[in-house]
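To keep things clear, I will list the structure first and then write my remarks on it.
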Amino acid sequence: MQNREISTQSGNVSYLEYGDVAKPAIVCLHGLAGSGFYSFAELADRLTCDFHLIVLDLPGHGKTKPLPNGEDYLFSNLAKWLQQVLTQIIQKPYFVMGHSWGADAALHFTRHFPEEVEGLILLDGAFTFPQNQPEMTFDYAYSGWTDYMDGSIYQTEADIFNEYRSFTQNWDARKEQYVRSIFTKNRDGQYKLIASKHTVLSIIRAFFDEPFADAYPYIKVPVILMHAELPKELNEARIKGIAQLKEAVGDVTVLPIPESAHLLQWDRPEQLAAIIRKWVDERI
């Protein structure tokens, strides 16, 4: 793993680079309020021998500077930002893998800049939230994330770990390391998320302003969606989203990952890595 940084018009962009540049490339986009390391270190360790991985910190996350305006986080504008960044980093065709918000970003990027994308790997994103969850009105989601950000201030690392251990069935010291990467200390010595409330709420608005299903008809590359099976309460939304995806995209593979929740790459990293290796091998 190599820590990298480039300079752009919007500020410095941080990313991690794994593997051999001669191998097939995968650009990795993390989820909301996370970071590249947080979302993908578990998978990267299992894919580094087979791929050249570019693991980005998206704007306002990890060590990458936030964007100044709320509209900058619209998926169409984020796609332009990604294109400018990736043009500097990689000069060969690549697959794009996104988790959660990163899956939506990957989808919209491929819609707007399909030329270099060889395929899309979606990890539990870009098919349910919020369009297929009737309870997820804008007001409900916006107020919920406002409360979450206001409440995400902790006195000790142990307090953070006590909450985040519920996100996975496989909590261990490595997960503690990942979680540390998305927090910083404020002036009072408390721990808070690196991603600001402005960044997070701007992204929540983007989910509603530019729905994922609007991008589906423009996707002409192979797609694989791996999705969680937990919680079961989301099954109806999953069924609707999968049907929409299959109807709109010609070459699509959908695989449920048994006994996994939203951070399925933490719950089942070996299984996901094996699926990704096989799927990519069949398309190069």
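Brief remarks follow.
- Boolean, ILE257 is open to solvent by 30 Å² or more (accessible area, probe 1.4 Å) and of a type in the set (Val, Ile, Thr): no
- Against the list (1) open to solvent by less than 20 Å² (accessible area, probe 1.4 Å); (2) more than 18 Å from PHE95 (Cβ to Cβ); (3) in a helix (DSSP H, G or I), the condition ILE276 fails is (2).
- Entry remark, region 89-103: residues being in contact with a Phe, Trp or Tyr (Cβ under 8 Å, 6 or more places away or on another chain) and modelled with pLDDT under 95 number 0 in total.
- Pick from region 7-38, criterion in contact with a helix residue (DSSP H, G or I) (Cβ under 7 Å, 6 or more places away or on another chain) and outside any strand (DSSP E or B), ranking: farthest from HIS262 (Cα to Cα): SER10
- Filter result (touching a Cys at 6+ places or on another chain (Cβ under 8 Å) and in a helix (DSSP H, G or I)) within region 44-55: ALA44
- Scanning region 159-208 for residues that are open to solvent by 10 Å² or more (accessible area, probe 1.4 Å) and of a type in the set (Gly, Ala, Ser), we see that the one that is nearest to TYR140 (Cα to Cα) is SER202.
- Looking only at residues of region 78-103 that are among the polar types (S, T, N, Q) and assigned to a helix (DSSP H, G or I), we find that the one that is least open to solvent (accessible area, probe 1.4 Å) is GLN83.
- Pairing residues of region 7-28 that are over 14 Å from LEU43 (Cα atoms) with residues that are surrounded by 21 or more Cβ atoms within 10 Å (Cβ to Cβ) and among the small types (Gly, Ala, Ser), at Cβ distances under 8 Å and at least 6 apart in sequence or on separate chains, gives SER14/GLY36; SER14/GLY62; TYR15/GLY36.
- Pairs meeting the criteria (first residue in region 273-284 and in contact (Cβ under 8 Å) with a residue 60 or more places away in the chain, second residue in a helix (DSSP H, G or I), beta carbons under 7 Å, at least 6 apart or on different chains) are ALA273/LEU43; ALA273/ARG46; ALA273/LEU47; ILE276/LEU47.
- Output for region 104-114, where each listed residue is over 15 Å from ILE26 (Cα atoms) and either at pLDDT below 95 or surrounded by 24 or more Cβ atoms within 10 Å (Cβ to Cβ) (or both): ASP104, HIS108
- Of the residues making up region 115-148, those that are among the hydrophobic types (A, V, I, L, M, F, W, C) and open to solvent by 20 Å² or more (accessible area, probe 1.4 Å) are PHE129, MET136, PHE138, TRP145.
- All strands (runs of 3 or more DSSP E) inside region 139-249 with 3 or more residues being under 29 Å from ARG283 (Cα atoms) and in contact (Cβ under 8 Å) with a residue 12 or more places away in the chain: 223-228
The values are calculated or read from the model by the stated rules, or taken from the named source; none is laboratory data. What you see is a predicted model; the values in this text were computed from it and never measured. Methodologically, a virtual Cβ is constructed for each residue, glycine included, from the backbone with ideal geometry; neighbour enumeration extends over all protein chains shown. Accessible surface is based on the protein model in full, side chains and every heavy atom, while ligands, DNA and RNA are left aside. Shrake-Rupley method; radii C 1.70, N 1.55, O 1.52, S 1.80 Å.
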